[in-house]
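Novice: My structure is below; once you've seen it, I'll send some questions.
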Amino acid sequence: MVVSEDVLSLIRKHAIKNAIDYGKADDGSVLGKVIPQSKGIPIPELKAEVHRVVTEVNSMAKSDLLDAYAPFEKEFEKRAEETAMKTGKPKMELDGAEVGNFATRWPPEPSGYQHIGHAKPIFLEDEFRRIYKGKLFLYFDDTNPEKARQEYVDADKADLAWFGIKFDKEYYASDNIDKIYEYARKLILDGHAYTCACSQETMKKKRLAMEECEHRAKKPDESLSEFDGMIAGAYEEGAMVLRFRGDMGSNNTVMRDPTIARIKKAVHYRQGTKYKVWPTYDLATPINDSLNGVTDVLRSKEYELRAVLDTTILKLLGLRVPRIHPFSRLNIIGNTTHKREIREMIADGAIKGWDDPRLMTLIAIRRRGVVPEAIRAFALRAGMTKTDSELSLESLLAENKKAIDPIAKHLFFVSNPVRVEVQGFAGAHASLRLHPSSNLGTRSFDTGSVFYISGVDAETAKAGDMIRLKDLIDIKVLSKSQGVITAVPGSSWGGGRIIQWVSAQNMAECSVLMPGPIFDDSGAFNPDSLVTMNGYVEGYAKNLSEHEHVQFERFGYCILDRKETGRLLFIFTSK
């Protein structure tokens, strides 16, 4: 049986959509979409056609893929909105949460810049505050003096202000250390914690082997004396820790006597040298949650095993236990959000800093021109599902395109410019709309007879071709010589190409940074992941404010990164 053109078009449409969402189309995913609409076609034949089309789509360049997706974009957007309307409510509910009696917190660790993965929980928490008419707190988990920095606290606050999220209260773990010491002493005296002098290697081996440490048999008074000695500075780093007395035979490795306080003598950005013993997350955060009135904790499912430890510690201390709600992480295909990897790439000079536009840190995607409302829509897409969310960067940029399209001024930009001299043309007055549908005004200027077009357009132009310089004049190519095109005004429109241009009398030099995938298919750093494209832009661009969005026609959306001496620097956002 021959597969009809309608079914082939359907397969191609879903293959393109699958490749846009996940970087590469998958045979099984596409087949699942087309089977319900392909009744009567034998599955083996359908599978063969799906494989053929998927192979073809996966070989397409990214620019061609985006062009091919454009005719279907609105159809898929409408379908996604309808699905969200039907399924959004179940995903946006928290078991046990009560309207009017709800408080949650956003707990950044100020040891680096926040990334796109952090956007999901913060927007979820903000949304649940609205749904349950409750409160949202900002809690800095800053109990590692070696990594916590005021720089990162300030950056976190700047990201949150950019998101437009306001908090009902702000507090720091490091401001509550003395209170945490009190609760640690209670755990010791009640027989639920003990001091341990084992090396890190020994502790690790015994925990894996489910073997109890010899220090576990200490009497509470001895452990309390040693804990106070840790606080007084009687021990060096690594010489003594405080461990929770859990269950060394538990299948949950978290419960095998974890460390809950350790000695760190580094100067703390906020407390200086006041404290030498610092609690771990498992001791500090549950206590702070309970004492500050947090009723519901949203946490990525990778920490699900730790919920047992947190709950156990709070119950032993007689403190109120918040409800814990796990959800899946949000990951971007082909990128990294690991602070260690980013620090190494910065140290090696592979990338420029935390705001390098190739990264998925919030400071980087903000610089690239992604707006908060796009990030919010992207982050909330999966709601509270526990299914892993691994999405393509194109999905985020598609949300961004919807947000910035109505406000982005349209200008002409030509890359690798080629000179065009129009003989017998004295120039004209150009008055061009800044947006085809939004009322953003016009840009007006006089031209001469010399123009520049992009190198790509010039490369295919040949003698006799008719070309329309968009919204200005039709020209006929006479010749190309030594990198200059000579033309004359066209007498009639012959159906040739319509291209963008700039006038030699009204232009500015500019460069466009073109961020690409930071890793190649093998997972290695891609040294060609940031390319600079040079060219000319209309002179109106000099009037733009830094960080203003534009659409360079037939090129893509960009943001003005900064104005340099004699040159404008833009960053490419999306097609």
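Novice: Check the range 25-33 and report whether any residue there is within 23 Å of residue 396 (Cα to Cα), assigned to a loop (DSSP other than H, G, I, E, B) and touching a residue at least 60 places away in the same chain (Cβ under 8 Å).
Specialist: Step one: filter the range 25-33 for residues within 23 Å of residue 396 (Cα to Cα), giving 25-26, 29-30, 33.
Within this subset, residues satisfying the condition of being assigned to a loop (DSSP other than H, G, I, E, B) are 25-26.
If we keep only those that are touching a residue at least 60 places away in the same chain (Cβ under 8 Å) too, we end up with none.
No; the residues of the range 25-33 include none that is within 23 Å of residue 396 (Cα to Cα), assigned to a loop (DSSP other than H, G, I, E, B) and touching a residue at least 60 places away in the same chain (Cβ under 8 Å).
Novice: Also: Which residue out of 152, 139 is assigned to a helix (DSSP H, G or I), in contact with a Pro (Cβ under 6 Å, 6 or more places away or on another chain) and surrounded by 20 or more Cβ atoms within 10 Å (Cβ to Cβ)?
Specialist: That would be 152, the only listed residue that is assigned to a helix (DSSP H, G or I), in contact with a Pro (Cβ under 6 Å, 6 or more places away or on another chain) and surrounded by 20 or more Cβ atoms within 10 Å (Cβ to Cβ).
Novice: Quick check on my filter: what residues within the range 358-415 are closer than 30 Å to residue 536 by Cβ, more than 15 Å from the chain's Cα centre (by Cα) and β-branched (Val, Ile, Thr)?
Specialist: 404, 407, 414
Novice: More than 30 Å from residue 554 (Cα to Cα), at pLDDT 85 or above and not in a loop (DSSP other than H, G, I, E, B): is that true of residue 50 in this structure?
Specialist: yes
Novice: Also, quick follow-up: Could you tell me whether residue 358 is among the charged types (D, E, K, R) and assigned to a helix (DSSP H, G or I)?
Specialist: For residue 358, the condition - among the charged types (D, E, K, R) and assigned to a helix (DSSP H, G or I) - is not met.
Novice: Kindly indicate whether residue 64 is surrounded by 13 or more Cβ atoms within 10 Å (Cβ to Cβ) and either within 28 Å of the chain's Cα centre (by Cα) or within 22 Å of residue 516 (Cα to Cα) (or both).
Specialist: no
Novice: Let me confirm something: among 198, 213, which residue is at pLDDT below 95 and in the same structural domain as residue 285 (by TED's automatic domain parsing)?
Specialist: 213
Novice: Could you say which residue among 557, 540 is under 29 Å from the mean Cα position of the chain (by Cα) and of a type in the set (Phe, Trp, Tyr)?
Specialist: 557
Novice: In the range 455-481, what count of residues is obtained for those that are touching a Leu at 6+ places or on another chain (Cβ under 6 Å) and in contact (Cβ under 8 Å) with a residue 60 or more places away in the chain?
Specialist: 0
Novice: A further question on this structure: If only one of 507, 514, 533 is assigned to a strand (DSSP E or B), more than 32 Å from the chain's Cα centre (by Cα) and in the same structural domain as residue 419 (by TED's automatic domain parsing), which one is it?
Specialist: Just one listed residue meets the conditions, 507.
The values are calculated or read from the model by the stated rules, or taken from the named source; none is laboratory data. In this text the structure is predicted, and so the values were computed from the model without any measurement. Ideal geometry is used to build each Cβ from the backbone, glycine not excepted, and the neighbour counts take in all protein chains shown.
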